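The values are calculated or read from the model by the stated rules, or taken from the named source; none is laboratory data. Worth saying up front: this structure is predicted, and the values here are computed from it rather than measured. Cβ: placed from backbone, ideal geometry, glycine included. Neighbour counts: every protein chain shown. Ligands, DNA and RNA are excluded from the accessible area calculation, which covers all protein heavy atoms including side chains. Shrake-Rupley method; radii C 1.70, N 1.55, O 1.52, S 1.80 Å.
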Amino acid sequence: MIAPTTGAHGVAMEGRVQLAPAGHCATTAQLPPPPELVMWKELPGVQPMTTPDECQAAEDIMKADPQLQELVRERYGLGMEGICCDAWDLHNPPPGLDGRRMMQGFMYANLKTNDNQYAHPLDLVPIVDLNSGKVLLIDKYDRVPPLPTQGVEYHRDLIQGPLRTGLKPLHVVQPEGPSFSVDGSLVKWQKWQVRVGFNGREGIVLHQVGWEEEGRVRPVLHRASLVEMIIPYGDPEEPYTRKSAMDIGDYGMGFSANSLELGCDCLGHIQYFDAIINDGRGEPQTIRKAVCIHEEDSGVMQKHVDVRSGHVEMRRGRRLVISSISTFFNYEYCNYWYLYQDASIGFEVKLTGILSTSIAPLGEVLPTHGIRVAPGVNAHAHQHMFCARLDPAIDDPEGGRGVVVSEVTVVALPPGPANPAGNGFCTEERTFTDTDDGRGDVDFMAARVWKLKNPACINPITMEPVAYRLIPGPTSALMAQAGSLVRARGNFATRNVWVTPHHDEERFPAGEHVVSSTSCMGLANWTAQNKSLVDADPVLWYSFGVTHIPRIEDFPVMPAESTGFMLKPASFFTMNPAVDLPYERDTASVETGVCCQTAVL
């Protein structure tokens, strides 16, 4: 636990409490041992996470400030009752304000009930000190731009024009119920077993992911979660050089999780998990239906038509979906872990919500670092750079101590006696033996993947170690320049792959405490000195992301953008593990229209 900072600039204190062992049965004869404080220390120079109630407190401080009230009245003729202040962690604070617990506010106007305030940005950016409860500084443009007043609505009651018609109902129906079972946190489905966890910072955490085969569970992952992200904005003009967030470390994916709605966020037969988190004072809070578990059709799993006999073998696939959705003021992150019937694992994050807009400076024709999404309203180019922490346990009941990570790259063979027709290519594999080796970057042109393998278990057919491949999805490089604060804080995003020895205290790639940080206190420190990865229970950190050059079609609410990765078995089995799927024909499917109508060529 982290105590709130105190005093003029604050001193963070960290404590650790030992609770009674899990499963301890208390009786009148034997009470469980009381909680014991096992660690209490000062953390100089850092700030604890900013909880949702502190974000609300920051907005309240801003709206109550007399100077800000006067500026809003003078510049825009508005009172504060319709003003919204999105409270962000203060990246790159102005000189003289270091060391305080601060937040900044990006301001918008609500001009009517249920209005889209992001269509009405203001030029005022206040900075508050959460400890003193005061506004320290208010940034503003030199010349006052006119308030954008045109409504650009997404609320169902305000959308202009008629809603589209023609869609018939499409229901997900499982007349016999779902195929998965749940026992506490343990979920079983189609040979998969996984324990589902949740905490305020990471949100969903997968534990003890394994595949059941011949009466035993073969470990695949000891632990997996999304552990950090950095969202730098690309406008080099003040005050937007301070617009950069680290949403997981600043506010918490779990703290910001939604209560999901049946029939909307997930379809079919749903198992929900509630989440227990804490508020800023450490008091427990429950987020109802924070995690959704369901299964869904995933399209064609496998098909073959014997061209001689005409016999068809066709199997549709399903996947188990473990998901949650978190809201950070304007933005939503929809996080999905997928388990497939062919023993593949997927992770996908869908980005949606509303663009964080800014008011166009007076006299600006068009923005140079974004796009005009409404009259007088700009949306800046920005990035969302994520990092997942994968603790592999490939067929190792001891949690993956002997797992080895390697990089596999496809290379074209040079012309010559060994490649006379010039068509030859093969793979080259580079094994990571220490942390200096243990870094890599995506190369789509070379079909690069990373292999998580267990040399103690050899596939009897391929004679290779049992393994899983990490296969990257769409991603982008971090755009911030060397020497920038963005690159220093988000050092994890400078490489796609990092491999480090397992250490219980090394949980977050930018460090335990990232609020208003000035450097990376995670991977950059852990890899500063070379460390062996041999028998080190390696952890793989995979960084990936989206560069969002906004479109006007992303406003007023953004169609979901997607990124992620896959883990696929490679010599983990002796054949396709989904070959045992039974033949099925969906008898509820109905042919519509004229049978066998000829397509127009």
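For every residue, the table says whether it meets (1) β-branched (Val, Ile, Thr); (2) touching a residue at least 12 places away in the same chain (Cβ under 8 Å); (3) under 30 Å from residue 510 (Cβ atoms).
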site: 116; (1), (2), (3): no, yes, no
site: 151; (1), (2), (3): no, yes, no
site: 164; (1), (2), (3): no, no, no
site: 189; (1), (2), (3): no, yes, no
site: 206; (1), (2), (3): no, yes, yes
site: 216; (1), (2), (3): no, no, no
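Checking each residue in the range 242-269 for being open to solvent by 40 Å² or more (accessible area, probe 1.4 Å) and over 18 Å from residue 52 (Cα atoms) picks out 261, 262, 263, 264, 265, 267, 269.
Exactly one residue out of 587, 518 is in contact with a helix residue (DSSP H, G or I) (Cβ under 9 Å, 6 or more places away or on another chain), open to solvent by 30 Å² or more (accessible area, probe 1.4 Å), not in a strand (DSSP E or B) and not charged (D, E, K, R): that is 518.
Within the range 179-208, the set of residues being touching a His at 6+ places or on another chain (Cβ under 6 Å) and either among the β-branched types (Val, Ile, Thr) or open to solvent by less than 50 Å² (accessible area, probe 1.4 Å) (or both) comprises 197 only.
Identify, from the list 145, 126, 162, the residue that is farther than 24 Å from residue 54 by Cα, of a type outside the set (A, V, I, L, M) and in contact with a strand residue (DSSP E or B) (Cβ under 8 Å, 6 or more places away or on another chain).
Numbers: 126 fails: farther than 24 Å from residue 54 by Cα; 162 fails: in contact with a strand residue (DSSP E or B) (Cβ under 8 Å, 6 or more places away or on another chain).
The conditions single out 145.
Within the bounds of the range 555-569, is there any residue that is under 30 Å from residue 368 (Cβ atoms) and in contact with a Pro (Cβ under 6 Å, 6 or more places away or on another chain)? Yes, there is a match, as at least one residue in the range 555-569 is under 30 Å from residue 368 (Cβ atoms) and in contact with a Pro (Cβ under 6 Å, 6 or more places away or on another chain).
Scan the range 489-514 for residues that are part of a loop (DSSP other than H, G, I, E, B) and either of a type in the set (S, T, N, Q) or under 24 Å from residue 244 (Cα atoms) (or both) and jot them down. Give the derivation first.
Here is the first cut: in the range 489-514, the residues part of a loop (DSSP other than H, G, I, E, B) are 490, 495-496, 501-514.
Within the range 489-514, 490, 495, 496, 506, 507, 508, 509, 510, 511, 512, 513, 514 qualify.
Selection of the range 401-412 for residues being within 22 Å of residue 345 (Cβ to Cβ), assigned to a strand (DSSP E or B) and among the hydrophobic types (A, V, I, L, M, F, W, C) yields 404, 405, 408. With the requirement that a residue be open to solvent by 30 Å² or more (accessible area, probe 1.4 Å), outside any strand (DSSP E or B) and free of Cβ contacts under 8 Å to residues at least 40 places away in the same chain, what does the range 437-469 give you? Hits for the range 437-469 are 443, 444, 445, 447, 463. Quick check: is even one residue across the range 539-548 more than 23 Å from residue 335 (Cα to Cα) and either touching a residue at least 40 places away in the same chain (Cβ under 8 Å) or surrounded by 23 or more Cβ atoms within 10 Å (Cβ to Cβ) (or both)? There is no residue in the range 539-548 that is more than 23 Å from residue 335 (Cα to Cα) and either touching a residue at least 40 places away in the same chain (Cβ under 8 Å) or surrounded by 23 or more Cβ atoms within 10 Å (Cβ to Cβ) (or both).
Would you tally the residues in the range 371-400 being of a type in the set (Gly, Ala, Ser), in a strand (DSSP E or B) and crowded, with 24+ Cβ neighbours inside 10 Å? Walk me through how you get there before you give the answer.
Here is the first cut: in the range 371-400, the residues of a type in the set (Gly, Ala, Ser) are 374, 376, 379, 381, 388, 393, 399-400.
Keeping just the survivors that are in a strand (DSSP E or B) gives 374, 379, 388.
Those still in the list that are crowded, with 24+ Cβ neighbours inside 10 Å too: 379.
Going through the range 371-400 one residue at a time, the tally reaches 1.
Selection of the range 139-158 for residues being among the hydrophobic types (A, V, I, L, M, F, W, C) and more than 32 Å from the chain's Cα centre (by Cα) yields 144, 147.
Against the definition (more than 28 Å from residue 356 (Cα to Cα) and open to solvent by less than 10 Å² (accessible area, probe 1.4 Å)), how does residue 536 come out, yes or no? Taking the combined requirement at face value, the residue does not satisfy it.
Please find, within the range 413-436, the residue that is farthest from residue 387 (Cα to Cα) out of those that are of a type in the set (Ser, Thr, Tyr) and outside any loop (DSSP other than H, G, I, E, B). Explain how you work it out, then say what you get.
Start the filter on the range 413-436 by keeping residues that are of a type in the set (Ser, Thr, Tyr), which leaves 427, 431, 433, 435.
Restricting the remaining residues to those that are outside any loop (DSSP other than H, G, I, E, B) gives 427, 431.
Details: 427: 27, 431: 22 Å.
Going through the qualifying residues, I end up with 427.
Only one of the numbered conditions (1) open to solvent by less than 10 Å² (accessible area, probe 1.4 Å); (2) under 30 Å from residue 247 (Cβ atoms) is not met by residue 419, and that is (2). Looking at 152, 135, 125, just one residue is hydrophobic (A, V, I, L, M, F, W, C), more than 30 Å from residue 516 (Cβ to Cβ) and open to solvent by less than 60 Å² (accessible area, probe 1.4 Å), and that residue is 152. Counted as qualifying within the range 67-169 are the strands (runs of 3 or more DSSP E) with 2 or more residues that are of a type in the set (Val, Ile, Thr), namely 125-129, 134-139. Here residue 596 meets each of (1) modelled with pLDDT of 95 or more; (2) more than 18 Å from residue 451 (Cα to Cα); (3) more than 19 Å from the chain's Cα centre (by Cα); (4) open to solvent by 70 Å² or more (accessible area, probe 1.4 Å) with one exception, condition (1).
In the range 344-361, the condition of being farther than 30 Å from residue 480 by Cα and either in contact (Cβ under 8 Å) with a residue 24 or more places away in the chain or of a type in the set (Gly, Ala, Ser) (or both) is met by at least one residue. If you check 344, 326, 309 for being out of contact with any Cys (no Cβ under 9 Å at 6 or more places or on another chain) and open to solvent by less than 10 Å² (accessible area, probe 1.4 Å), only one passes: 344. So which residues in the range 233-278 are acidic (Asp, Glu) and within 23 Å of residue 47 (Cα to Cα), if there are any at all? Once the filter is applied, which keeps residues that are acidic (Asp, Glu) and within 23 Å of residue 47 (Cα to Cα), the range 233-278 yields 247, 250. Could you please let me know if residue 172 is under 30 Å from residue 587 (Cβ atoms) and open to solvent by 60 Å² or more (accessible area, probe 1.4 Å)? Yes. So residue 215 ticks every box in (1) within 30 Å of residue 405 (Cα to Cα); (2) crowded, with 20+ Cβ neighbours inside 10 Å but one. Which box is left unticked? All conditions are met except number (2).
Within the range 474-488, identify whether any single residue is touching a helix residue (DSSP H, G or I) at 6+ places or on another chain (Cβ under 7 Å) and either closer than 28 Å to residue 577 by Cβ or open to solvent by less than 50 Å² (accessible area, probe 1.4 Å) (or both), and answer yes or no. Yes, the range 474-488 has at least one match. With respect to residue 333, determine if the residue is surrounded by 22 or more Cβ atoms within 10 Å (Cβ to Cβ) and under 30 Å from residue 268 (Cα atoms). Yes; evaluated as a whole, the condition is true for this residue.
Scanning the range 559-580 for residues that are among the aliphatic types (A, V, I, L, M), touching a strand residue (DSSP E or B) at 6+ places or on another chain (Cβ under 9 Å) and either under 14 Å from residue 219 (Cα atoms) or open to solvent by 70 Å² or more (accessible area, probe 1.4 Å) (or both) turns up 567, 579.
Scanning the range 482-505 for residues that are within 10 Å of residue 539 (Cα to Cα) and of a type in the set (A, V, I, L, M, F, W, C) gives 498, 499.
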